[in-house]
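Colleague: Before we start, here is the structure in question, set down as structure tokens.
The values are calculated or read from the model by the stated rules, or taken from the named source; none is laboratory data. Everything quoted here is computed from the prediction, not taken from an experiment. Cβ placement follows ideal geometry from the backbone for every residue including glycine, while neighbour counts extend to all protein chains displayed.
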Ligand SMILES: Nc1ncnc2c1ncn2[C@@H]1O[C@H](COP(=O)(O)OP(=O)(O)OP(=O)(O)O)[C@@H](O)[C@H]1O
Ligand SMILES: [Mg+2]
């Protein structure tokens, strides 16, 4: 079993939105997915209730029980565990970071988010954990100066995972209906972005720690 965590010491960036859509895309691609919601807000537990299906199970989890729960999930044959965390700097977030094979740090292309990302990176480096940044809620004209600056800053901090995720209504609507972007509008741009993201994450997990530099940014910008 591989474990990924969506982490950043900044609220409202898009962690739960991305975690739910990646969970669904990975399930569609044949993974046995299980989601642990470590955020006291319980966004994904609520998402799952709205979804009403057990195909991508979501349970509330406390940091103290995380290690035991992960061992049990691995025994049960789960192939991918996705952990969603709070935007606050809680001990639970550190527990998730420690448990994950790969930490994904979403950030929007603006100064406040990028500064907050620096703190998250420091924690991850101190823990010696693998991580990748993900630029999200980008304006649809992705070549904008603001996005380019974000790309440069994150590259300097240790690498981005592709693709760039745009701000799209499909993400909001999918979440509202308890769906992933690939289910809400399978032929839409958001679905395409999420399928690409799952492919990148899967490749990165297969590489293990070796890939800490991430994909060269020029390649991501070209593909976007
Ligand atoms: N790519 C996107 N395009 C459009 N809207 C988005 C996108 N990603 C997230 N949002 C919206 O941004 C808001 C915050 O998203 P979300 O709840 O996923 O963030 P979060 O990081 O999990 O927040 P918290 O730290 O509070 O848990 C939501 O209203 C969501 O619909
Ligand atoms: Mg959330």
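Colleague: Is it the case that some residue within the range 39-55 is away from ligand 1 (no atom under 13 Å from the Cβ) and touching a helix residue (DSSP H, G or I) at 6+ places or on another chain (Cβ under 7 Å)?
Modeller: Yes.
Colleague: Tell me the strands (runs of 3 or more DSSP E) entirely within the range 1-78 that contain at least 1 residues that are surrounded by fewer than 17 Cβ atoms within 10 Å (Cβ to Cβ).
Modeller: Because the criterion is at least 1 residues that are surrounded by fewer than 17 Cβ atoms within 10 Å (Cβ to Cβ), the strands (runs of 3 or more DSSP E) in the range 1-78 that meet it are 58-60.
Colleague: Determine the pairs where a residue that is more than 12 Å from residue 104 (Cβ to Cβ) and touching a residue at least 24 places away in the same chain (Cβ under 8 Å), located within the range 8-19, has a partner that is more than 8 Å from ligand 2 (Cβ to nearest atom) and not in a helix (DSSP H, G or I) with Cβ atoms under 6 Å apart, the partner being 6 or more residues away or on another chain.
Modeller: Taking only residues 6 or more apart or on different chains, the pairs are 9/89.
Colleague: Let me ask something additional. Starting from the range 146-158, take each residue that is on the phi > 0 side of the Ramachandran plot and modelled with pLDDT under 75 and list its partners that are surrounded by 15 or more Cβ atoms within 10 Å (Cβ to Cβ) and in a helix (DSSP H, G or I), counting only C-beta distances under 7 angstrom and pairs at least six apart or across chains.
Modeller: Cβ pairs passing all conditions: 158/121.
Colleague: Applying the selection to the range 92-112, what residues are part of a helix (DSSP H, G or I) and at pLDDT 90 or above?
Modeller: Correct list: 92, 93, 94, 95, 96, 97, 98, 99.
Colleague: Quick test of your reading of the structure: residue 89 fulfils all but one of (1) touching a residue at least 60 places away in the same chain (Cβ under 8 Å); (2) over 26 Å from residue 31 (Cα atoms); (3) surrounded by 20 or more Cβ atoms within 10 Å (Cβ to Cβ). Name the failing condition by number.
Modeller: Unmet condition: (3).
Colleague: Sticking with this one: Those residues that are free of Cβ contacts under 8 Å to residues at least 12 places away in the same chain, over 22 Å from residue 2 (Cβ atoms) and assigned to a helix (DSSP H, G or I), I need them from the range 177-210; list them, please.
Modeller: Matches in the range 177-210: 192 only.
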